[in-house]
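To start, the structure itself, in structure tokens.
The values are calculated or read from the model by the stated rules, or taken from the named source; none is laboratory data. No experiment lies behind these values; they were computed from the predicted model shown. Every residue, glycine among them, receives a Cβ derived from its backbone with ideal geometry; neighbour counts consider all protein chains shown.
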Amino acid sequence: MEAQEPLLMSVVAQQKEDYKGVDVRNPGSVQKFGGFKPSALTLGDKVRAVSDFISGAIAHHVLSQDWVKLFDLKQLEMDVVYFLWIIHLHLISRRAASVPVTSWSHRRHVLDELFHSMQLSWDQTAESVMGRPPLTRIREFVKDMYYVVAIGLEEALSHEGPGGDFAILSVLMRLIPLPRPEDLPMYTYYAIVHYIRFHIALLDRTDDEMVLKGNFHFVSPLDPIIARPYDEVALDEVIRGWTVQQQQAEREANGSK
């Protein structure tokens with residue numbers, strides 16, 4: 001990842017431009033997106049407007065085909081999609097906690113609504129897949145996954161340097177809901193580690209006002225500003241090169257005996 005200040009600030013500047021004049025807490029902004037056009041928003045309406053705005057952006061983002069390409073799969077199972085959703089919710093929650101309560105007095109309500117939106121989406125998706133209302137333990141699955149992943153990720157993020165990256169890598173490999181997580185390309189895990197680090201840095205540089213309005217979005221996991229594309233890294237060729245060098249060294253060592 002290119003952890004360069006000009007690069008990060010250019011992304012922040014672009015997002016400011018993308019959301020210029022947009023504030024979903026304002027009826028005028030709501031009208032731009034169609035649908036319900038109230039003359040004024042109550043406090044509860046404003047909380048739901050912001051949370052729905054952010055939730056919709058996350059839902060659209062985690063369903064992107066870029067994630068399918070990154071994971072090198074034909075499609076992502078729904079629990080993997082919600083695993084990604086949880087990671088994004090946690091990144092937002094970490095940043096939200098740094099906004100002074102005097103500026104965002106109802107941030108807890110917004111975060112609660114974000115979680116509720118994810119839970120409701122999970123319930124509806126599970127029912128559509130099974131063709132009937134899911135059992136309680138299935139309905140509670142994404143809630144349990146959220147707590148486990150959030151705690152594990154937050155603990156990993158408390159470490160700095162290469163050790164911290166390995167801690168995040170460990171969380172991803174241990175907790176991703178796949179039957180055989182070891183079958184995923186290692187590059188996928190490293191790319192997600194870079195993705196998480198990049199967006200932590202990006203959100204840290206995003207103005208409080210943009211955060212509390214939901215005026216930000218996540219960059220594609222395949223964007224080269226996150227990590228170099230796999231075909232450019234050519235890890236397999238590097239590994240084969242090491243193998244050839246090792247074999248040559250062994251032959252030379254045996255010939256000298």
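Does V80 count as at pLDDT below 95 and under 27 Å from A201 (Cα atoms)?
No; evaluated as a whole, the condition is false for this residue.
Of everything in segment 77-86 that's touching a residue at least 60 places away in the same chain (Cβ under 8 Å), out of contact with any Leu (no Cβ under 7 Å at 6 or more places or on another chain) and not charged (D, E, K, R), which residue is surrounded by the fewest Cβ atoms within 10 Å (Cβ to Cβ)?
Residue satisfying both the conditions and the ranking: F83.
I'd like the full set of residues that are within 20 Å of D72 (Cβ to Cβ) and either among the polar types (S, T, N, Q) or at pLDDT 95 or above (or both), limited to segment 194-218.
Y195, I196
With the condition kept exactly as written, say whether any residue in segment 157-171 is farther than 24 Å from E113 by Cβ, among the acidic types (D, E) and modelled with pLDDT of 75 or more.
Taking every residue of segment 157-171 in turn, at least one turns out to be farther than 24 Å from E113 by Cβ, among the acidic types (D, E) and modelled with pLDDT of 75 or more.
Kindly list, by first and then second residue, each pair from a residue in segment 3-32 that is on the phi < 0 side of the Ramachandran plot to a residue that is modelled with pLDDT of 85 or more and small (G, A, S), limited to pairs with Cβ atoms under 6 Å and residues at least 6 apart or on different chains.
L8/A201; V24/A49; R25/A49
With a cut-off of at least 1 residues that are under 18 Å from the mean Cα position of the chain (by Cα) and closer than 19 Å to F71 by Cβ, name the helices (runs of 4 or more DSSP H) lying wholly within segment 128-235.
141-157, 161-175, 186-204
Mind telling me which of the residues V110, V81, V101 ends up being within 22 Å of E154 (Cα to Cα) and outside any helix (DSSP H, G or I)?
On inspection, the qualifying residue turns out to be V101.
What number of residues in segment 1-56 are over 25 Å from D223 (Cβ atoms), at pLDDT 90 or above and hydroxyl-bearing (S, T, Y)?
1
How many residues does segment 47-76 contain that are over 30 Å from W104 (Cβ atoms), of a type in the set (V, I, T) and surrounded by 21 or more Cβ atoms within 10 Å (Cβ to Cβ)?
Total satisfying the criteria: 0.
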